[in-house]
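Enquirer: One structure coming up, written as structure tokens, with questions to follow.
Read-outs: derived from the displayed coordinates by stated rules, not from any lab. Quick caveat, the model's predicted, so the values are computed rather than measured. Here Cβ is always computed from backbone atoms with ideal geometry, including for glycine, and neighbour counts include all displayed protein chains.
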Amino acid sequence: MSNKIAERVKGLKGSGIREFFDVAEQMEGAISLGVGEPDFVTPWSIREACIFSLEKGYTSYTSNWGLLELREAISERTYRESGVFYDPEGEILVTTGVSEAFDLALRAVVNPGDEVVLHEPSYVSYKPCTVFAGGTPVCVETRVEDEFKLRAEQLAERVTEKTKAVVLNYPNNPTGAALSRKELEEIAEVAEERDLVVISDEIYGSLTYGDNGDSGERGRGHTCFSSLNGMRERTVLLNGFSKAYAMTGWRIGYAAGNRELLEAMMKIHQYVMLCAPITAQKAALEALSPRCDCETEKMVEEYNRRRRLMLAGLREVGLECFEPKGAFYTFPSVESTGLSSEEFAKRLLLEEKVVVIPGSVFGACGEGFVRCSYAVSQYEIKEALERIGRFLEGLEGGGRGLRGEGV
Ligand code: PLP
């Protein structure tokens, strides 16, 4: 059958994250800092809204664009938080997660051979989705010295006449990096000068912890890229419910942007997806009600406590780590151990039963780092840090031999 599989799929490696989870799942007592999703359950009122919707018999398709009342709520929320208005009729599309919205955005703008600039380390789906869309990914390596922020000059250097779009993901998975308004403005200047479409994945926008020079209504310092001068028309804003409301399993997100571009995305969406599930849309509507604001606040406060715990703990056991300002990831350096990030992760798993994700999974410049998620309890963070400390002491004492086979 292998000769029947399309070349562009055959050539792609599977996500490097999965294999670590598979091993950990079989391992009693393992602690996973590998997770990329909230450990909270979706807040009760959201679950209840879903149950009520089923009781009332809402089981049909919706408009391809999504329920109008949900689009109105998304529009209202986006305006309240960033000052950018999107018309619920034609400028907002409800999708099955940011994942689908990202794929649609690429397929709507990329012609075969167009280049798409991605900053790395990056979320594992960006490169493959660019390839699936027929585009050529052009990766810009961000550096720990810059706290993994994409610099405007780095972007400018990599733009050619073939460049169609740039993907931005701040706050970032896997590094936790966030950009200030000023830094984003510099990127916006390049986007303007070089006439780029900007696909801005802001799925972690509600999960920020420091002051990044902005004073959004929620006061946590996230700047929505399309709120910058001239950017609304060239930006596809992607956001969703998975992270801010602990709703990963519901598969619900949205895209907002220029009417023509959204129309193009909708054309693809209506044929491949038809619409997002109505039950998830009803639940998302409840998530956007003011009743739920405090739910995200509570989660952010707890993530922040864990962030501090994790950061202090990593530094204490001797791993250098810059302070992440968003999402729920830390990205410590493991270079001092002399192990590659994959060796480090494999040995830590086998010797101390702690899952971390090798930075190399997120692009070549992630080598020398590992991603540690703090979307786990404080107890687990403390226990994992103790184990990491023991593991590092073992390495200093000559190590216990590489037993990485089979992972
Ligand atoms: N974008 C980023 C940066 C992510 O980290 C993830 C999930 O981990 C997604 C998108 C997928 O989001 P969704 O669950 O809305 O499809």
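Enquirer: Treating cross-link reach as a plain straight distance, find the aspartates and glutamates whose alpha-carbon is under 16 Å from the alpha-carbon of Lys182, omitting any fewer than eight places away in the same chain.
Expert: Hits, sequence-local ones excluded: Asp146, Glu147, Glu153, Glu192, Asp211, Asp214.
Enquirer: Rg and Dmax of the stretch 125-189, using alpha carbons, in Å: what are they?
Expert: 12.3, 33
Enquirer: Which distance in nm do the two modelled labels at Ala6 and Glu320 give, with both placed 7 Å along the Cα-to-Cβ direction?
Expert: 4.3 nm
Enquirer: Once you keep just the Cα pairs under 8 angstrom separated by 6 or more residues, what percentage relative contact order results for the stretch 44-291?
Expert: Value for the stretch 44-291: 29 percent.
Enquirer: Also, quick follow-up: Treat the stretch 274-407 as a sphere of radius equal to its Kirkwood radius over Cα pairs and apply Stokes-Einstein at 37 °C in a medium of 0.692 mPa s; give the translational diffusion coefficient in µm²/s, rounded to a whole number.
Expert: Translational diffusion coefficient: 198 µm²/s.
Enquirer: Could I ask something else about it? Can you name the helices of the chain, as whole DSSP H runs, whose Cα span along the helix axis is 15 Å or more and whose Kyte-Doolittle mean is not below -0.5?
Expert: Passing helices, by number: 44-55, 97-109, 259-272.
Enquirer: Using +1 on the beta carbon of Lys and Arg, -1 on that of Asp and Glu, and nothing else charged, what's the dipole of the chain about the Cα centre, debye to 20?
Expert: Using only the charged Cβ atoms, the result is roughly 780 debye.
Enquirer: Please compute, for the alpha-carbon atoms of the chain, the extent along each of the three principal axes and give them in descending order in Å.
Expert: 64, 54, 53
Enquirer: Let me ask something else. Taking R0 as 25 Å, what's the FRET efficiency between Leu68 and Arg259 from their Cβ-Cβ distance, rounded to 0.05?
Expert: Given R0 = 25 Å and the Cβ-Cβ separation, E is 0.95.
Enquirer: With the calculation restricted to Cα positions, what are the radius of gyration and Dmax of the stretch 15-132 in angstrom?
Expert: Spelled out, the Cα radius of gyration and Dmax of the stretch 15-132 are 19.1, 51 Å.
Enquirer: In nm, give the distance between the simple-model label positions of Val272 and Arg80, each being 7 Å from the Cα along the Cα-to-Cβ direction.
Expert: 3.2 nm
Enquirer: Work out, step by step, the length gained on full extension between Glu186 and Glu161: first 0.36 nm times the residue separation, then minus their alpha carbon distance; give nm to one decimal.
Expert: Stretched fully, the Glu186-Glu161 segment lengthens by 7.0 nm.
Enquirer: I've got another one for you. Among Asp195, Asp114, Asp103, Asp293, what is the fewest-to-most ranking by other Cβ atoms within 10 Å?
Expert: So the ranking, lowest neighbour count to highest, is Asp195, Asp293, Asp114, Asp103.
Enquirer: Rounded to the nearest 5, what is the percent of antiparallel bridges among the DSSP beta bridges in the chain?
Expert: In the chain, DSSP labels about 40 percent of beta bridges as antiparallel.
Enquirer: Are there GluC sites (Glu not before Pro) in the stretch 294-326 that DSSP puts in a loop and that have at most 13 other Cβ atoms within 10 Å, and which ones?
Expert: The qualifying sites are Glu320.
Enquirer: Same structure, new question: Can you pull the one-decimal nm distance between simple spin-label points at Asn111 and Val138, each 7 Å off the Cα toward Cβ?
Expert: 1.6 nm
Enquirer: On to the next question. As an exercise, take the mean of 1/r over every pair of distinct alpha carbons in the stretch 222-339, invert it, and state the Kirkwood radius in angstroms.
Expert: Its Kirkwood hydrodynamic radius stands at 17.6 Å.
Enquirer: Add -39500 (n - 2.57) for each DSSP H run of 4 or more in the chain, then divide by its residues: what number comes out at 222 nm, to the nearest 500 deg cm²/dmol?
Expert: -12000 deg cm²/dmol
Enquirer: Pulled fully out, how much extra length does the chain show between Gln26 and Leu309, if you take 0.36 nm times their separation in residues and subtract their Cα-Cα distance?
Expert: 99.1 nm
Enquirer: Work out how much length Glu48 to Ser60 would gain on full extension: take 0.36 nm times their residue separation and subtract the Cα-Cα distance, in nm to one decimal.
Expert: 2.5 nm
Enquirer: Order these peptides, 369-377, 104-112, by their mean beta-carbon neighbour count within 10 angstrom, highest first.
Expert: 369-377, 104-112
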